[in-house]
Amino acid sequence: MEISTIQSLLERLFPVCRSITGNGVRRTLEILREIVDFNITEIPSGTTCFDWKVPDEWNITDAYLEDEEGNRYADFKFNNLHVVSYSEPVNKWLEFKELEPHLHSLPEMPEAIPYRTSYYKRDWGFCLTHRSLAEIDRSKRFHAVIESDLKPGSMTYGDIVLSGKSDQEYLISTYCCHPSMGNDNLSGVVLWAALLHEIQSLDLYHSYRFVIIPETIGAICYLSEHSEAMKKISGCLLPSNVAGPGRLGYKKTFIGDHTIDRIVEQTFLENGIEPVIYPFDILGSDERQYSSPGFRIPTGTICKDKYYEFQQYHTSLDNLEFANAGQLYETLQIYLGTIHNLEMNRNYLSRNPNGEPMLGKRGLYKSIGGSLVQPAHLGNKSHRDFKYKITTQKLTAGSDLDAMRWLLFYADGSKSLLDIAELINLPMSQLFGAARTLEEHGLIEEIQTGE
Ligand code: ZN
């Protein structure tokens, strides 16, 4: 997907007032469906999902807070963060003292409007910059107006399964419930759609289940509605906070060295990028649900300015100046590279296991251009400790003959292409190309391992 398409999606989706239910999510998914195919499902309010219930649906048309002279301190039409998400409707005149418990600001960031929600407790409130709160004349009376609607409806989510040939299915899940903030979480929404767009028409080896849901309640309901299928998921990538100006990062799965973790690290290495590595933590997003004891789906997140780690997080300063399409595009390349490597991660069995096969009589020396010179980087082939140790030197291709010889050596079915890539420090694409050549000559065959 072009950077300009990503930018225009960001700009169109940014103003939409999303929450865990309501028309904001519907509108967002409709816009995404202009570029990618997926199904939209509505789950009625009151539906039980494990220990939770789908809440009433929330919609809002307008809200403002003004004093007797018409000075406005909060205006939904100017910025939807001015209203606490899920605020019940209100229309009253109040003394400052009565109003105060309903006001939220950030003294340490006086120019930022904070993001606040009250999903499961009936309440209402306004979020303002600390500067405007400080300027309020507390002797005045204030008109608090929130034109919202909170009643039984439904919660909306999107999903699609792209079916491949192997018996492994990977989950690509993101949340879509935050209002106007760029990195958390509009960037994840747009990257999810861009990734789906890029792989939707490919002839895939593994299956990929793309899910876009409101955070927490959406993931729990999705697990509840698809529990058999979700128990079979091999691993998950959860794009979130992917378009900040800082360094690329990777938050590991709860296992830490699962295939997902290793493939992501291999992809970074092949791109010559050293990411910030974050160990698994339950403070985060839907990995808490997907990796819960009933499902245990290893879930990793490739990010660019991870949540909690940038100052603008959950405020109006997380805008499209902070998060942009160019930065998102960089992260998208790592997600795409990861899927590409996942697609190539196969196991092979030698069909000529007794001694080395004779490559010369098959013309395999010629096919690699006759270069038998060992490239410099192959000099230190000691086994790589890939845990936390990631070099910034881009992993470059070595000789194809070497790649073939190592593949033949390890082709007892027990090692995946990723295992071999780690052992001999070669890009997976080169090994895959070599494997294809050996397969064509009947020297190895691909086997299913059921991992
Ligand atoms: Zn968030």
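The values are calculated or read from the model by the stated rules, or taken from the named source; none is laboratory data. These figures come from a predicted structure and were not determined experimentally. Backbone-built Cβ (ideal geometry, glycine too); neighbour counts: all protein chains shown.
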- prompt: In the stretch 419-451, which residues are more than 19 Å from Arg351 (Cβ to Cβ), surrounded by 15 or more Cβ atoms within 10 Å (Cβ to Cβ) and in contact (Cβ under 8 Å) with a residue 12 or more places away in the chain?
  reply: Ala421, Glu422, Leu423, Ile424, Asn425, Leu426, Pro427, Met428, Ser429, Gln430
message: Can you list residue pairs whose Cβ atoms sit under 7 Å apart, with the first residue in the stretch 88-105 being assigned by TED's automatic domain parsing to the domain that holds Leu133 and charged (D, E, K, R) and the second being part of a strand (DSSP E or B) and crowded, with 16+ Cβ neighbours inside 10 Å? Count only pairs 6 or more apart in sequence or on different chains.
response: Glu88/Ser148; Glu88/Leu150; Lys92/Ala144
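Yes/no matrix, rows are residues, columns are (1) more than 16 Å from the ligand (Cβ to nearest atom); (2) surrounded by 21 or more Cβ atoms within 10 Å (Cβ to Cβ); (3) not in a helix (DSSP H, G or I):
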residue: Leu94; (1), (2), (3): yes, no, yes
residue: Lys97; (1), (2), (3): yes, no, no
residue: Glu100; (1), (2), (3): yes, no, no
residue: Pro107; (1), (2), (3): yes, no, yes
residue: Ala112; (1), (2), (3): no, yes, yes
residue: Arg122; (1), (2), (3): yes, no, yes
residue: Ser139; (1), (2), (3): yes, no, yes
- prompt: If you check every pair at least six apart or on different chains, which have Cβ atoms under 6 Å apart with a residue in the stretch 175-188 that is assigned by TED's automatic domain parsing to the domain that holds Gly284 first and a residue that is more than 9 Å from the ligand (Cβ to nearest atom) and at pLDDT below 95 second?
  reply: Asn183/Asp305
- prompt: So which of Ser148, Ser118, Ser132 ends up being of a type in the set (S, T, N, Q), within 16 Å of the ligand (Cβ to nearest atom) and under 24 Å from Asn79 (Cα atoms)?
  reply: Ser118
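Residue-wise test of (1) touching a Phe, Trp or Tyr at 6+ places or on another chain (Cβ under 7 Å); (2) modelled with pLDDT under 95; (3) under 25 Å from Tyr205 (Cβ atoms).
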site: Arg351; (1), (2), (3): no, no, yes
site: Ile390; (1), (2), (3): yes, yes, no
site: Phe409; (1), (2), (3): no, no, yes
site: Leu417; (1), (2), (3): yes, no, yes
site: Glu422; (1), (2), (3): yes, no, yes
site: Asn425; (1), (2), (3): no, yes, yes
site: Gly442; (1), (2), (3): no, no, yes
site: Thr449; (1), (2), (3): no, yes, yes
query: Out of the stretch 190-205, which residues are part of a helix (DSSP H, G or I) and either within 11 Å of the ligand (Cβ to nearest atom) or out of contact with any strand residue (DSSP E or B) (no Cβ under 6 Å at 6 or more places or on another chain) (or both)?
result: Val190, Leu191, Ala193, Ala194, Leu195, His197, Glu198, Ile199
task: Collect the residues in the stretch 301-320 that are in a loop (DSSP other than H, G, I, E, B) and not hydroxyl-bearing (Ser, Thr, Tyr), keeping them in residue-number order.
output: Asp305, Lys306, Glu309, Phe310, Gln311, Gln312, His314, Leu317, Asp318, Asn319, Leu320
- line: Going through the stretch 291-338 in order, the residues found to be within 13 Å of the ligand (Cβ to nearest atom) and polar (S, T, N, Q) are Thr301, Gln312, Thr315
- prompt: Any idea which of (1) more than 23 Å from Lys140 (Cα to Cα); (2) touching a strand residue (DSSP E or B) at 6+ places or on another chain (Cβ under 6 Å) is the one Ala74 doesn't satisfy?
  reply: (1)
- prompt: Taking into account only those residues within the stretch 151-189 that are under 17 Å from Asp286 (Cβ atoms) and part of a loop (DSSP other than H, G, I, E, B), which is farthest from the ligand (Cβ to nearest atom)?
  reply: Cys176
message: Yes or no: the stretch 172-183 includes at least one residue that is under 19 Å from Val16 (Cβ atoms) and over 16 Å from the mean Cα position of the chain (by Cα).
response: yes
- prompt: Which one is nearest to Tyr115 (Cα to Cα) among residues in the stretch 1-53 that are in contact with a strand residue (DSSP E or B) (Cβ under 7 Å, 6 or more places away or on another chain) and assigned to a helix (DSSP H, G or I)?
  reply: Val25
- prompt: Does Asp75 count as more than 35 Å from the chain's Cα centre (by Cα), at pLDDT 95 or above and either at negative phi or outside the structural domain of Tyr222 (by TED's automatic domain parsing) (or both)?
  reply: no
